[in-house]
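One structure is given here, and the rest of the page talks about it.
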Amino acid sequence: MKEYLLPLLRSLFESLRDLLPILLVIAFFQLVVLHQPIPHLGELLWGTALVVLGLTLFVQGLAMGLFPLGEGMAYDFARKGSLVWLLVFSFALGFGTTVAEPALIAVADEAAQVAASGGSIENDDAARKRYATGLRLTVALSVGIAILIGVLRILRGWPIQYLIIGGYLGVVIMTIFAPPEIIGIAYDSGGVTTSTITVPLVTALGVGLASSIRGRNPMTDGFGLIAFASLTPMIFVMGYGMLIG
């Protein structure tokens, strides 16, 4: 019991320490600059306590569950020596974690509402749902392909800078031709994909894979998958906008 309680208490203290600067900034501007009392102080304190507790449990869960799981599966696939199954797993992991991202769901729903209000799609529930679902699946597909490419990079030892530069050149070129109303959504999609579910598992996959392959350095080869996961949605979402536009 003690071996679980001490790390949990340490994580609780670290979460409170990380949130303290935000609380101090809010208190300073509310009390010193605006000269107004903090509204709903009781609710604010209760909400802050819930945030600290939730962040603590989330970080502890990553350390106990998701990181070891991702690294262990990457090691097992590398030891098995099956490139096809490793690539299938990489794509499925990227697709599955992204399609379940709460941030992506929220952005897709908001984008559907705005598209309907602006007349880009029919303003009814079915059309909004189709638009949001299509956007989510497009982003998830792009991240699946991104993780697949990232895993190939680790296996083959490709320099990451050439892939990143080439990808952003593609983003710039597609920005010129994509409909203006989809460009902002495309750029934001690159950010919301790398959130609470995707990042831990994908990072663990890259580090575990690089650690299990002779001649690969986890520091230089294990990281970088998140960069691909942020890059490809921009290209795919702009392509999605060009197709439905």
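The values are calculated or read from the model by the stated rules, or taken from the named source; none is laboratory data. Source: prediction; values computed, not measured. Here Cβ is always computed from backbone atoms with ideal geometry, including for glycine, and neighbour counts include all displayed protein chains. Only protein heavy atoms, including side chains, enter the accessible area calculation; ligands, DNA and RNA are left aside. Shrake-Rupley method; radii C 1.70, N 1.55, O 1.52, S 1.80 Å.
Of the numbered conditions (1) in contact with a helix residue (DSSP H, G or I) (Cβ under 6 Å, 6 or more places away or on another chain); (2) modelled with pLDDT of 90 or more; (3) closer than 17 Å to Met238 by Cβ, Gly190 fails exactly one; give the number of that condition.
It fails just one condition, (2).
Within segment 18-31, restricting attention to residues that are closer than 13 Å to Val51 by Cβ and open to solvent by 70 Å² or more (accessible area, probe 1.4 Å), which residue is nearest to the chain's Cα centre (by Cα)?
The qualifying residue nearest to the chain's Cα centre (by Cα) is Asp18.
Search segment 13-40 for residues that are under 25 Å from Thr56 (Cα atoms) and pair each with any residue that is of a type in the set (S, T, N, Q) when their beta-carbon atoms are under 6 Å apart and the residues are at least 6 apart or on different chains.
Correct list of pairs: Ser15/Thr56.
Given (1) open to solvent by 60 Å² or more (accessible area, probe 1.4 Å); (2) among the hydrophobic types (A, V, I, L, M, F, W, C); (3) under 22 Å from the mean Cα position of the chain (by Cα), where does Leu45 come up short, assuming only one miss?
(3)
Restricting attention to segment 151-178, report how many residues are open to solvent by less than 90 Å² (accessible area, probe 1.4 Å), in contact with a helix residue (DSSP H, G or I) (Cβ under 8 Å, 6 or more places away or on another chain) and either at pLDDT below 90 or part of a helix (DSSP H, G or I) (or both).
So the count comes out to 14.
Taking segment 58-84 as the search range and keeping residues that are without any contact (Cβ under 8 Å) to a residue 12 or more places away in the chain and open to solvent by 70 Å² or more (accessible area, probe 1.4 Å), which one is nearest to Leu6 (Cα to Cα)?
This residue is Met64.
Any residue at all in segment 215-236 that is more than 24 Å from Arg156 (Cβ to Cβ), out of contact with any strand residue (DSSP E or B) (no Cβ under 6 Å at 6 or more places or on another chain) and surrounded by fewer than 19 Cβ atoms within 10 Å (Cβ to Cβ)?
No - not one qualifying residue is present in segment 215-236.
Could you list, in sequence order, all residues of segment 126-150 that are among the β-branched types (Val, Ile, Thr) and over 17 Å from the mean Cα position of the chain (by Cα)?
Within segment 126-150, just Thr133 meets the criteria.
Of all residues being open to solvent by less than 40 Å² (accessible area, probe 1.4 Å) and in contact (Cβ under 8 Å) with a residue 40 or more places away in the chain in segment 108-120, which is farthest from the chain's Cα centre (by Cα)? Just the residue, please.
Ala115
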